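Input: a single structure, listed below in structure tokens.
Derivation of every value follows stated rules applied to the coordinates shown; laboratory data play no part. Remember, predicted model here, so these are calculated numbers, not experimental data. So basically every Cβ, Gly included, is an ideal-geometry build from the backbone, and we count neighbours across all protein chains shown.
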Amino acid sequence: MSTADAVDREVSWLTSSGDGLPALLVSAGGPWGNVQAYQPRTPGKRGTNLFVLRRQIHDRRFANIRRIPTYEFALKAVWPLSSGQGVAEADQRAFDSAVDKILARIDGFPGDKSHGGRFRAVAEDPQYVTVRFTDPEQTLGIGEFHAEITYFADDFEVTG
């Protein structure tokens, strides 16, 4: 496996549907209009966007020629103020619900944390997922809510 395609593999998992876990994309019944690898130069406005980024690669070496890459994924969640009710609280509740679906998708199936065989293990070492919500006072002026979700994924062992 190449470390270069890790973000694309994670997007593939996050956009999967019909497997019993919550769907994320609107087209599959989920809350997110866009789930994509990397952040574009000009992200779409007024849409629900989830950008998958990679913050770090840790390349653990052992036994001379063997190594396991570990990635820190960062999901940037952007949720517009769009309920039409003019009530920011309703949109914040909808955002919380959409983030909860992401967390369920990251958690995966009981007993299988490989994200459908795309990785060795996801959100297992260390065993946590962190969600940091940006203070709404900072983003309400632009009509959005923001959060960043971070977690780690161990890739398959590489020899060489």
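This structure gives Cα Rg over 2.2 N^0.38 Å, computed directly, and of (i) 1.23; (ii) 1.06; (iii) 1.11 that value is listed as (iii). Put a plus charge on the Cβ of each Lys and Arg, a minus charge on the Cβ of each Asp and Glu, and nothing anywhere else: the dipole of the stretch 28-72 about its Cα centre is then about 140 debye.
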